[in-house]
Amino acid sequence: MLDRLQDTPPDALLALISAFAADERDDKIDLGVGVYRTDDGATPVFEAIKAAEQRLWEEQDSKSYLGPEGDKGFVKAIMPILFGDDTGMNGRIDGLQTPGGTGAVRLAMALAARAGITRVHVGTPSWPNHIPIIEDVGLEAVTFAHAKLDGSADGDAVLDLIRNGVEGDAVLLHACCHNPSGIDYTDDQWGQIADALADSPVLPIIDSAYQGLGHGLEEDSAGLRKVLARVPNALIAYSCDKNFGLYRDRVGAFYAKVAEPGMLSAAMSNAAALARANWSMPPDHGGAAVRIVLRDEDLRQKWLAELDRMRERLRWVRAHLAAADNKVEGVPLAHLEEQNGLFAMLPLSKEQIGKLREDHAVYMAGSGRINIAGLTRGNIDKFIAALADVTQSTAG
Ligand code: PMP
């Protein structure tokens, strides 16, 4: 049987990691992998998390199973951060812990399929794992344009599909810090999206993987909250892997909002059954550490300060790139300052991306996506000069 399988191409970003590691040039720059880095190029464990892990080690007296819902204390502790004062919306929202935001996206898609959704509209470009997950659970992925060439979000495209949507349709929305474009809907656009969804059968599925990395925890969930305030049903995927720096510990949560409190138990029991069939139970460690941080005022303040520093650094890199707007032929940089989060797309050709790597040891995804956090005070001017060089030498 297994000889029927064909090779599938390796993940392009993982190949980039190996190529970067093998490059011996001292001044190489990694803009590929999607993790936050400090100005020293490190991805350290948050101090608040280290302290929580120490407490966990001291206090944890069993590693017995928790069940498919994971750590409910963790799941509840995220809710006020994500949903604000309307936490729980009077018994209409609940959730469970998942292996990372990826697990939450998968659970949302699997539950949507079980509830009768047949197609999911995805704004492109999107996180490269979205469409494979949608298709892997047997749903059809239909694409629409997320952004326009001028670097703004295409509000008309999403409103159009919501207004023309039919029963069985869902739309996947990035809550903030869009991956890979960094281009988020404006407050006005979110308001229009929320209004359109309120009058449409289209189910919103909202992916929030970078809360706090854009403009702040409240600001980054404002659009999601606008939608939840208007729609009867929604599914939400959440990741703590960026905003708590827990990547490999795989910390995420899935939430469902239902029209009436009486419908919550059906949604959650189906979600738990799907979780059980997929991974049985989520890993505990990272979620427990987040719960400890959020329940302890000192650790919470420490975490918020660390998150502020991350966000300020990302904003500094964006401002610095924007200030070089006129230095790079054919690559507008000014709008990067208005965009959010870890990523941005540069309109570079394959040839230019290849030259950046060969001539300047600058590694970025073939799509033109760069990780903003790969740029530091030490390498950003070299990067701008490299961009200017490859755009000039390959112009025309
Ligand atoms: N959604 C989006 C938009 C992402 O960019 C990512 C990954 N960075 C995820 C979900 C998955 O996050 P996690 O690493 O927590 O699985």
* Asked: Would you say V317 is at pLDDT below 95 and open to solvent by less than 40 Å² (accessible area, probe 1.4 Å)?
  -> no
* Please find, within the stretch 222-234, the residue that is nearest to the ligand (Cβ to nearest atom) out of those that are of a type outside the set (D, E, K, R) and open to solvent by 10 Å² or more (accessible area, probe 1.4 Å). => A222
* Which of the residues that make up the stretch 83-133 are within 16 Å of the ligand (Cβ to nearest atom) and open to solvent by 40 Å² or more (accessible area, probe 1.4 Å)? -> T102, R106, T124, P125, W127, P128, N129, I131, P132
* Structure fact -> The number of residues in the stretch 162-177 that are open to solvent by 10 Å² or more (accessible area, probe 1.4 Å) and closer than 16 Å to I131 by Cβ is 1
* **Flag if A277 is away from the ligand (no atom under 15 Å from the Cβ), open to solvent by 10 Å² or more (accessible area, probe 1.4 Å), free of Cβ contacts under 8 Å to residues at least 12 places away in the same chain and not in a loop (DSSP other than H, G, I, E, B)** => yes
* Structure fact -> Filtering the stretch 1-36 down to residues that are over 15 Å from G366 (Cβ atoms) and of a type in the set (A, V, I, L, M) yields M1, L2, L5, A21, A22, I29, V35
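Just give me the residues in the stretch 235-272 being in a strand (DSSP E or B) and either away from the ligand (no atom under 16 Å from the Cβ) or of a type in the set (V, I, T) (or both), in sequence order.
Residues of the stretch 235-272 in a strand (DSSP E or B): 235-239, 251-257.
I236, V251, A256, K257, listed by residue number.
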* To do: Quickly run through the stretch 181-202 and pick out the residues that are crowded, with 16+ Cβ neighbours inside 10 Å, out of contact with any Asp or Glu (no Cβ under 6 Å at 6 or more places or on another chain) and part of a loop (DSSP other than H, G, I, E, B).
  => S181, G182, I183, D184, Y185, S200
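Could you go through the stretch 323-332 and let me know if any residue there is open to solvent by 40 Å² or more (accessible area, probe 1.4 Å), more than 23 Å from the chain's Cα centre (by Cα) and assigned by TED's automatic domain parsing to the domain that holds L246. I'd like the intermediate steps shown before the answer.
Restricting attention to the stretch 323-332, the residues satisfying the condition of being open to solvent by 40 Å² or more (accessible area, probe 1.4 Å) are 323, 325-327, 329-330, 332.
Then drop every residue that is not more than 23 Å from the chain's Cα centre (by Cα), which leaves 323, 325-327, 329-330, 332.
Among the residues that remain, those that are also assigned by TED's automatic domain parsing to the domain that holds L246 are: none.
Within the stretch 323-332, none of the residues are open to solvent by 40 Å² or more (accessible area, probe 1.4 Å), more than 23 Å from the chain's Cα centre (by Cα) and assigned by TED's automatic domain parsing to the domain that holds L246.
Just to be sure before I move on: is A365 assigned to a loop (DSSP other than H, G, I, E, B) and under 19 Å from the mean Cα position of the chain (by Cα) in the structure I sent? Spell out how you get there, then give the answer.
Details: assigned to a loop (DSSP other than H, G, I, E, B): yes; under 19 Å from the mean Cα position of the chain (by Cα): yes.
The answer is yes for A365.
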* Evaluate the following for D71: is it acidic (D, E), open to solvent by 60 Å² or more (accessible area, probe 1.4 Å) and in contact (Cβ under 8 Å) with a residue 60 or more places away in the chain? => no
* Asked: Taking interchain pairs and intrachain pairs at least six residues apart, which have beta carbon atoms under 7 angstrom, with the first residue in the stretch 1-28 and under 18 Å from R369 (Cα atoms) and the second open to solvent by less than 100 Å² (accessible area, probe 1.4 Å) and assigned to a helix (DSSP H, G or I)?
  -> K28/F20
* Asked: Is it fair to say V45 is touching a residue at least 24 places away in the same chain (Cβ under 8 Å), among the aliphatic types (A, V, I, L, M) and within 15 Å of the ligand (Cβ to nearest atom)?
  -> no
* Restricting attention to the stretch 209-220, report how many residues are open to solvent by less than 10 Å² (accessible area, probe 1.4 Å) and touching a Ser or Thr at 6+ places or on another chain (Cβ under 7 Å). => 1
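Does the stretch 103-111 include one or more residues that are closer than 24 Å to Y36 by Cα, at pLDDT 95 or above and not hydrophobic (A, V, I, L, M, F, W, C)?
First pass over the stretch 103-111, keeping only residues closer than 24 Å to Y36 by Cα: 103-106.
Keeping just the survivors that are at pLDDT 95 or above gives 103-106.
If we keep only those that are not hydrophobic (A, V, I, L, M, F, W, C) as well, we get 103, 106.
Scanning the stretch 103-111, I find at least one residue that is closer than 24 Å to Y36 by Cα, at pLDDT 95 or above and not hydrophobic (A, V, I, L, M, F, W, C), so the answer is yes.
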* If you go through the stretch 10-17 one residue at a time, do you hit one that is modelled with pLDDT under 95, within 24 Å of A209 (Cα to Cα) and of a type in the set (D, E, K, R)? -> yes
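Only one of these is among the β-branched types (V, I, T) and closer than 19 Å to G88 by Cα: V231, V251. Name it.
Values: V251 fails: closer than 19 Å to G88 by Cα.
None of the others qualify; the one that does is V231.
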* Structure fact -> Note on L66: of the conditions (1) under 27 Å from A104 (Cβ atoms); (2) exposed (fewer than 11 other Cβ atoms within 10 Å of the Cβ), unmet is (2)
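The values are calculated or read from the model by the stated rules, or taken from the named source; none is laboratory data. Fair warning: this is a prediction, and the values are worked out from it, not measured in the lab. Glycine gets a Cβ as well: all are built from the backbone with ideal geometry, and neighbour counts include every protein chain shown. Side chains are part of the model used for accessible areas, which takes the heavy atoms of the whole protein and leaves out ligands, DNA and RNA. Shrake-Rupley method; radii C 1.70, N 1.55, O 1.52, S 1.80 Å.
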